[in-house]
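Okay, structure first, notes after.
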Amino acid sequence: MKYSDVLNDMRRALQQQPDANSAMEVAVQILKDRIPDYTWVGIYLLEGDELVLGPFRGKPSPHTRIPLGQGICGAAATAKTTIIVDDVNADVRYLACSIETKSEIVVPIMDGETVLGEIDIDSDRLAAFNSDDRELLEHVAALVAQKVSSKMRKTVTP
Ligand code: SME
């Protein structure tokens, strides 16, 4: 499995999606299906000062709404930058989703300087995420952002 192939397939699949919700569903599905280390894959969208869980693949998470001040998710959205945690049990910010989770990556979905949401991925393997994951997921976040921001524009424009 090559990340460049995953990204090309993602680009093609997202282009065909009629709206933001189907685009987010397809994005989490492709990432979960294609990358074995990705145990839990979800997208949170920012609503006010809370991150609200949207489409996900993996076990249900207790964290369906995360205030910006909490968790690795809140930290990434506040800092507007990708965060990789090699060992979640050594990070005081970590909000546990599953006891099997060992490492995590959170990638903000941005529209310019505005945070729309984020892609959150957990792995059952320690230090499962590196700069290749970061690069792939930042590209995916940019593709998803195009769909999500057009949804938000449609919401405010009659
Ligand atoms: N671990 C995240 C919470 C979300 S669950 O992993 C799905 C965090 O620390 O923000």
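The values are calculated or read from the model by the stated rules, or taken from the named source; none is laboratory data. Predicted model, so just to flag it, every value in this text is computed and none were measured. Neighbour counts run over all protein chains shown; Cβ positions are idealised from the backbone, glycine included. Side chains included, ligands, DNA and RNA excluded: accessible areas come from the protein's heavy atoms. Shrake-Rupley method; radii C 1.70, N 1.55, O 1.52, S 1.80 Å.
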Does residue 106 count as near the ligand (Cβ under 8 Å from one of its atoms), surrounded by 21 or more Cβ atoms within 10 Å (Cβ to Cβ), assigned to a strand (DSSP E or B) and under 14 Å from the mean Cα position of the chain (by Cα)? yes
Set 79, 96: member being away from the ligand (no atom under 11 Å from the Cβ), of a type outside the set (Ser, Thr, Tyr) and out of contact with any strand residue (DSSP E or B) (no Cβ under 7 Å at 6 or more places or on another chain): 79
So, first residue open to solvent by less than 50 Å² (accessible area, probe 1.4 Å) in region 34-48, second residue of a type in the set (D, E, K, R) and assigned to a strand (DSSP E or B), Cβ within less than 7 Å, six or more apart or across chains; the pairs are 39/122; 40/122; 41/57; 42/120; 44/118; 44/120
Meets criteria (out of contact with any helix residue (DSSP H, G or I) (no Cβ under 6 Å at 6 or more places or on another chain), surrounded by 19 or more Cβ atoms within 10 Å (Cβ to Cβ) and closer than 21 Å to residue 127 by Cα) for residue 90: no
